[in-house]
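Reading through the structure tokens given below for one structure.
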Ligand code: ADP
Ligand code: ADP
């Protein structure tokens, strides 16, 4: 498994906005789910973007697998992101025109995977989360809870070491929320490092660790 860590982290969006993270140093271990909590505006989403190498720290570093990832050149950072990281957002916004299977394999195509292998992996993932029969459906034909499990499959298709999820259960009822947590739990058991920014007590309860900002 791969550890992702931050060291002396500070971030500001601009000269007039408040500084976030107060020099945070923290290490997120493989095989564990960490819930990121704290009041709105404390920087939970921003921390996921910084860890996801989409925003560069104002000072301090992001370390992935012992390497100072935030200091890499753009193309190496993009490659690291495509191969090591998976993202899940609150509303998965699947492409309405596309079959679910095609949405799941899309990040794999970006990362240069073979369509045939990806299709097989995507079917396996959908099957794991009880969605095998939905592969050829469009997003309009499935429920919000199902769409969010599809988003989990999409985040896992490149077999990322690290999964970053922003309020993945924010719009779900408790049953669907629980299925999404099960899916992330399963991903953790495979040795992945899982971070979930959340207000959902059900997520906090089932996390291995809670980091409050
Ligand atoms: P949280 O996820 O904990 O609610 P965010 O990471 O969304 O917090 O936001 C942290 C702070 O940064 C907030 O004060 C927010 O208003 C500000 N912020 C978020 N995105 C931007 C942006 N693109 N430009 C300027 N400020 C932003
Ligand atoms: P699940 O618990 O399987 O995620 P739900 O109990 O929410 O799904 O919904 C049961 C079925 O009703 C779904 O399989 C889906 O086909 C249909 N359905 C539910 N919500 C919607 C929706 N917003 N749009 C279209 N179909 C929906």
Of these, 149, 134, 138, 121, which one is within 13 Å of ligand 2 (Cβ to nearest atom), touching a helix residue (DSSP H, G or I) at 6+ places or on another chain (Cβ under 8 Å) and closer than 27 Å to residue 80 by Cβ?
149
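In the range 155-173, which residue that is within 16 Å of ligand 2 (Cβ to nearest atom) and crowded, with 19+ Cβ neighbours inside 10 Å is farthest from residue 51 (Cα to Cα)? Steps first, answer last, please.
Restricting attention to the range 155-173, the residues satisfying the condition of being within 16 Å of ligand 2 (Cβ to nearest atom) are 168-173.
Next cut, crowded, with 19+ Cβ neighbours inside 10 Å only: 168-169, 172.
Numbers: 168: 17, 169: 20, 172: 25 Å.
The extreme case among them is 172.
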Quick check on this structure: which one of 34, 46 is buried (at least 17 other Cβ atoms within 10 Å of the Cβ), within 16 Å of the chain's Cα centre (by Cα) and part of a helix (DSSP H, G or I)?
46
Search result, residues across the range 54-70 that are closer than 13 Å to residue 11 by Cβ, more than 15 Å from ligand 1 (Cβ to nearest atom) and at pLDDT 95 or above:
59, 60, 61, 62
State whether one or more residues within the range 80-90 are free of Cβ contacts under 8 Å to residues at least 60 places away in the same chain and on the phi > 0 side of the Ramachandran plot.
no
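The values are calculated or read from the model by the stated rules, or taken from the named source; none is laboratory data. Being a predicted model, the structure only gives us computed values, none of them experimental. Using ideal geometry, Cβ is built from the backbone for each residue, glycine included, and neighbour counts are taken over all protein chains shown.
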